[in-house]
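See structure below.
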Amino acid sequence: MSEQRFGEFVAVRRAGDGRVAELVLDRPKAMNAVSTEMARGIGAACAALGADPSVRVVVLSSTAERAFCVGADLKERNSFSDAELLRQRPTTRGAYGGVLELPMPVIAAVHGFALGGGFELALACDVIVADATAVVGLPEVSVGVIPGGGGTQLLPRRVGAARAAELIFTARRVEAADALALGLVDSVVPAGTDREAALAMAAAMAANSPVGLRAAKRALRLGHGMDLTAGLEIEDAAWRTVAFSGDRAEGVAAFNEKRKPEWPGV
């Protein structure tokens, strides 16, 4: 397995053929509380992943035993002046936006606490796999702020406006089974198996056309919230980018020849 570090607290790991990359939150002593340095590392790692055409799927995981990520580093924030907090904001937005804007499918592997900015990192992913220990929520209003890593926009897209409002306004924490029932996560697996399950799902996705995966994600993201007519035009534009690709030609040939495709990725 290869590993590339992005600062002290973030790593990108790749095993095997490298088609699946693991974006690792690696600040276990602080349960992955997102400091300025960690946010900078996440943003840099996402920029590198987004520019790498060999990466087909990303898994966002954690090395902390008790948490996926507990959100912003409030100890660091407590030391900031207003001016320092304002200067930090672009770095913070770069971390959350970096995950959200990755062009390939991204799966969050969640265990333990995923609160505030931690849950927002998961919400920025396309699929959330949680284990039975997971506890999720956006408790920002309980400390005098609001979700600022995309939560007010991403959560209603998952669960609807009224449910998102209730969860954000009450600041309540939701355990795994209820999170699944509410649509806050997409699957719940036995305790300690979230990373394994996410990597297995990623491998299944990565067997498919990389051109198709990125185009499908683009259509899903851009079309969400559009009226049907506009959404179908977005889908058609995405279809045109794959219809005349090498992947499409290889996929059709492999199907007819009853063999596994060897995707050119273009």
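Points worth noting:
- From the options Val188, Val135, Val211, Val143, residue that is closer than 24 Å to Ala39 by Cβ and buried (at least 16 other Cβ atoms within 10 Å of the Cβ): Val135
- Selection of region 57-76 for residues being buried (at least 17 other Cβ atoms within 10 Å of the Cβ) and either in contact with a Ser or Thr (Cβ under 9 Å, 6 or more places away or on another chain) or hydroxyl-bearing (Ser, Thr, Tyr) (or both) yields Ser61, Ser62, Phe68, Cys69, Ala72, Asp73, Glu76.
- Hits in region 158-171 (condition: of a type in the set (D, E, K, R) and under 22 Å from the mean Cα position of the chain (by Cα)): Arg158, Arg163
- Restricting region 1-31 to residues that are of a type in the set (A, V, I, L, M, F, W, C), out of contact with any helix residue (DSSP H, G or I) (no Cβ under 7 Å at 6 or more places or on another chain) and surrounded by 14 or more Cβ atoms within 10 Å (Cβ to Cβ), the residue that is nearest to Leu199 (Cα to Cα) is Val24.
- Among the residues of region 226-266, those identified as among the aromatic types (Phe, Trp, Tyr) and closer than 23 Å to Pro53 by Cβ are Trp239, Phe244, Trp263.
- Criterion violated by Ala95 - all others in (1) outside any helix (DSSP H, G or I); (2) of a type outside the set (D, E, K, R); (3) closer than 30 Å to Pro210 by Cβ; (4) out of contact with any Lys or Arg (no Cβ under 7 Å at 6 or more places or on another chain) satisfied: (1)
- Selection count, region 160-182, where residues are farther than 21 Å from Ile146 by Cβ, of a type in the set (Gly, Ala, Ser) and open to solvent by less than 80 Å² (accessible area, probe 1.4 Å): 2
- Neighbours by Cβ (under 9 Å, 6+ apart or cross-chain): first from region 156-172, of a type in the set (Phe, Trp, Tyr); second loosely packed, with under 13 Cβ neighbours inside 10 Å: none
- Single residue of Pro156, Pro105 found to be over 13 Å from Gly71 (Cα atoms) and either open to solvent by 30 Å² or more (accessible area, probe 1.4 Å) or out of contact with any helix residue (DSSP H, G or I) (no Cβ under 9 Å at 6 or more places or on another chain) (or both): Pro156
- Tabulated pairs, region 237-266, first closer than 20 Å to Arg218 by Cβ, second among the hydroxyl-bearing types (Ser, Thr, Tyr) and surrounded by 11 or more Cβ atoms within 10 Å (Cβ to Cβ), C-beta under 7 angstrom, 6+ apart or interchain: Asp247/Ser209; Gly251/Ser209; Trp263/Ser209; Val266/Ser245
- Residue-level check: of (1) in contact with a Pro (Cβ under 9 Å, 6 or more places away or on another chain); (2) outside any helix (DSSP H, G or I); (3) open to solvent by 80 Å² or more (accessible area, probe 1.4 Å), Trp263 misses just (3).
- Every condition in (1) of a type in the set (Val, Ile, Thr); (2) in contact with a Leu (Cβ under 9 Å, 6 or more places away or on another chain); (3) at pLDDT below 95 is met by Ile234 except one, and the failing one is (3).
- Residues satisfying the stated conditions in region 9-57, i.e. within 14 Å of the chain's Cα centre (by Cα) and at pLDDT below 95: none
- Residues satisfying the stated conditions in region 100-138, i.e. assigned to a loop (DSSP other than H, G, I, E, B) and under 21 Å from Met205 (Cα atoms): Glu101, Leu102, Pro103, Met104, Pro105, Ala124, Cys125, Asp126
The values are calculated or read from the model by the stated rules, or taken from the named source; none is laboratory data. Nothing here was measured: the structure is a model prediction, and the numbers come from that model. Positions of Cβ are backbone-derived with ideal geometry, glycine not excepted, and every protein chain shown enters the neighbour counts. Remember, those area values only see protein heavy atoms, side chains included, never the ligands or the DNA or RNA. Shrake-Rupley method; radii C 1.70, N 1.55, O 1.52, S 1.80 Å.
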